[in-house]
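J.: Would you mind keeping the following structure in view while I ask a few things?
The values are calculated or read from the model by the stated rules, or taken from the named source; none is laboratory data. These numbers were taken from a predicted model, which means no experiment stands behind them. Reconstructed Cβ throughout: ideal geometry from the backbone, glycine too, with neighbour counts over all protein chains shown. All accessible areas refer to the heavy atoms of the entire protein, side chains included, with ligands and DNA or RNA removed. Shrake-Rupley method; radii C 1.70, N 1.55, O 1.52, S 1.80 Å.
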Amino acid sequence: MNTTVGEVVPESVLDRIQNFSDPKQEWRRLFSELYGTFLLVIVAAGGGMMSEAFPGVISRQAAVVAPGLMVLGVILFMGKVSGAHLNPAVSIAFALRGDFPWRRVPGYIVVQLIGATLASLLLTAVIGVSSRYGSNYPAANYSAGAAFWMEALLTLGLVSVILGTASGAQNVGLFGAFGVGAYIALAGLWGSPISGTSMNPARTFGPDLASGNFTDFWVYAAGPIVGAIVAVGAAFVLRGKGGGASGSGAAQGALFTEVSKTD
């Protein structure tokens with residue numbers, strides 16, 4: 001028996017799907033990235049700023065675990081909309097992997113930076129301390145070069161987890177959020193003393209812009225991107241080329257995703 005799509009799926013549902021896939025609806029995904037990055041930085045930068053405002057109340061362990069928990073929550077509630085990149089290095093990695101269209105990368109990065117900046121400005125107004133206390137800087141006894149390599153190493157692990165849980169062989173759907181969130185917390189627990197464990201250019205850019213202090217920002221822009229590029233190479237060695245339906249769905253939000261024609 002032959003059935004049409006309209007007989008299986010209600011017309012109203014098809015209309016919503018088609019409207020969402022319309023390029024004019026890209027603003028939904030961009031808002032999702034802005035909002036998600038805003039929430040991430042509220043917690044990530046907020047921990048350091050609250051610690052400055054209330055000495056001894058927030059431990060280092062709590063400050064580095066909190067962003068992992070926030071990312072877990074954000075992926076669960078909006079991952080299907082935009083892919084929940086929340087990080088320019090992740091957007092670039094997905095594009096290099098072939099799972100995300102390059103033409104959409106600039107828009108994602110711009111809104112991620114805006115979301116991080118808005119969060120930092122709001123935190124400054126509410127808490128009443130400079131957002132530099134919520135930013136990332138190399139440890140006093142370590143060079144910017146050491147912090148760069150730490151950020152690259154930590155981001156290598158982060159992006160490997162993200163690309164791995166989004167692959168066709170190991171795609172675990174929304175449960176991948178637990179793997180990503182757990183990695184962020186783990187990386188912070190052991191790596192934060194040297195570099196602060198940013199692993200995200202936007203997460204550091206927002207507090208730096210709000211405070212006007214870009215000391216060693218290059219570490220937190222270049223380190224994560226280098227780590228992400230190496231992670232893409234590792235993913236190719238482990239699983240071959242990307243661009244499949246599973247990885248593309250995870251990267252783009254799974255709502256009428258674009259799958260690489262070279263697959």
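J.: Tell me which residues come under 5 Å, amide H to amide H, from ILE58 once H is placed; ignore anything under 5 positions away on its chain.
T.: So ILE58 has HN proximity to no qualifying residue.
J.: Please calculate how many Å² of accessible area the stretch 86-164 carries per residue, with a 1.4 Å probe and no DNA, RNA or ligand atoms counted.
T.: 38 Å²
J.: What accessible area per residue, rounded to a whole number of Å², is obtained for the stretch 173-243 using a probe radius of 1.4 Å?
T.: 40 Å²
J.: Tally up the carbon and sulfur contribution to the accessible surface of the stretch 107-203 as a whole percent, 1.4 Å probe, everything protein left in place.
T.: Reported share for carbon and sulfur atoms: 72 percent.
J.: Tabulate in residue order the Karplus-calculated ³J(HN,Hα) for the stretch 45-58, using 6.51 cos²θ - 1.76 cosθ + 1.60 with θ = phi - 60°, rounded to whole Hz; enter x for Gly and Pro.
T.: 7, x, x, x, 5, 5, 5, 5, 6, 10, x, x, 7, 10
J.: When Lys and Arg each count +1 and Asp and Glu each count -1, what net charge do the other residues less than 12 Å away from LEU123, Cβ to Cβ, add up to?
T.: Here the count lands on 0.
J.: Determine which residues of the stretch 64-93 fall in the zone a paramagnetic label at VAL110 would reach in this model, i.e. backbone nitrogen under 20 Å from the point 7 Å along Cα→Cβ.
T.: Correct set: 82-93.
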